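Here's the structure, in structure tokens; my notes come after.
Please treat every number below as a calculation from the coordinates, not as lab data. A quick note: this is a predicted structure, and the numbers were derived from the prediction, not measured. Every residue, glycine as well, gets a Cβ built from its backbone with ideal geometry; the counts of neighbours run over all protein chains shown.
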Amino acid sequence: MSLTPEGKGVAPRTAARVWVIVAAAGESRRMGLPEGESKQFLLLAGEPIICHSVRRLTAIDEVTGVVVVLHPSHVVRFAGLPVVADQSKPVLIAEGGRQRSDSVRAGLSAVPDEADVIAVHDGARPLFGRHVFLDCLAALDGADGADGAVPATAVVDTLKRADGDGRVLRTVDRRELWAVQTPQVFRAAALRAAYARPDVSGSTDDAGVLEQAGATVVVVPSTQANVKITTPADLPLAGALLSWETEADV
């Protein structure tokens, strides 16, 4: 991983064509929304969550374009939002499938063949830091020959493994454990090859798909501020963090 003295990210030495797939086709069941609604369209500071995610990505100089993967019922709704038309970079739309792996494959089909790097980002993570994205890009350019780089935070809580009745079986050593976030950044060829394998449905993230294929993935330090909006309690937290960002000018 390459860092400046201030710990901020730096771009790879050679300019790469970087595309980002935004996975936003989930059913949002844990938000308790009415059937057919999606957390991606809940308002954060007066704007749909998905718009914050897309705008942050297109504002990064190194990003060439974005593919937003949505539930088929939400495609027209998203296409009518100003964030699609107002960008100077292409914002493409693809229809997602039943599982995350289906949606990522749909996104890969829409990414131009000439892409050198493909990142995958959760649409419900609207507060990721630009410097973390650049750190992930720089990690691909490092001497270790990584195929992927993922933002993550070291686990700080004590972890317990328990049985179905809640009885503690043992305390888990947390020293090598990381909580992984997005955007996850990959060499395009490695990501396409991993998703070309027949069964990738068991992975909970895209780095796991590469790991199953034998690729090398490294973690890049991130912050707890890169929250994923999953439950109703996460939305006011994201709003507070966004206000803090604005006031602190970070």
> Once label points are set 7 Å from the Cα along Cα→Cβ at both residue 45 and residue 61, what is their separation, rounded to one decimal in nm?
Replying inline: 2.2 nm
> If you count, for each residue, the other Cβ atoms within 10 Å and average over each peptide, how do 85-93, 132-140 line up from highest to lowest?
Replying inline: 132-140, 85-93
> Which three extents, in whole angstrom, do the alpha-carbon atoms of segment 60-123 cover along their principal axes, largest first?
Replying inline: 32, 26, 19
> Can you give the relative contact order of the chain as a percent, counting alpha carbon pairs under 8 Å and 6+ residues apart?
Replying inline: 24 percent
> Among the lysines in the chain, how many pairs, 8 or more places apart or on different chains, have alpha carbons under 30 Å apart?
Replying inline: 6
>> Can you give the longest run of the chain that contains no GluC sites (Glu not before Pro) sitting in a DSSP loop with at most 10 other Cβ atoms inside 10 Å?
In response: 36-113
>> Which one, 136, 164, 232, projects farthest toward the positive side of the charge dipole computed for segment 93-250 from Cβ point charges (K/R +1, D/E -1)?
In response: 164
> In Å, the Kirkwood hydrodynamic radius of the chain over pairs of distinct alpha carbons?
Replying inline: 18.8 Å
>> Ignoring everything except DSSP H segments at least 4 long, calculate the 222 nm mean residue ellipticity for the chain; use -39,500 (n - 2.57) per segment, divide by total residues, nearest 500.
In response: -8000 deg cm²/dmol
> Can you tell me the Rg and Dmax of segment 171-224, counting just the alpha carbons, in angstroms?
Replying inline: 12.6, 39
> Tally Lys/Arg at +1 and Asp/Glu at -1 over every other residue whose Cβ is under 14 Å from the Cβ of residue 51; what's the total?
Replying inline: +3
> What does the convex hull of the alpha-carbon atoms of segment 140-197 project to on average, in nm²?
Replying inline: 6.5 nm²
> What net charge is computed for the residues neighbouring residue 169, neighbours being all others with C-beta under 10 Å from the C-beta of residue 169, Lys and Arg scored +1, Asp and Glu -1?
Replying inline: +3
> Where does each of 109, 103 land when they are ranked from fewest to most other beta-carbon atoms within 10 angstrom?
Replying inline: 109, 103
> Net charge near residue 155, counting Lys/Arg +1 and Asp/Glu -1 over other residues with Cβ under 12 Å of its Cβ?
Replying inline: -1
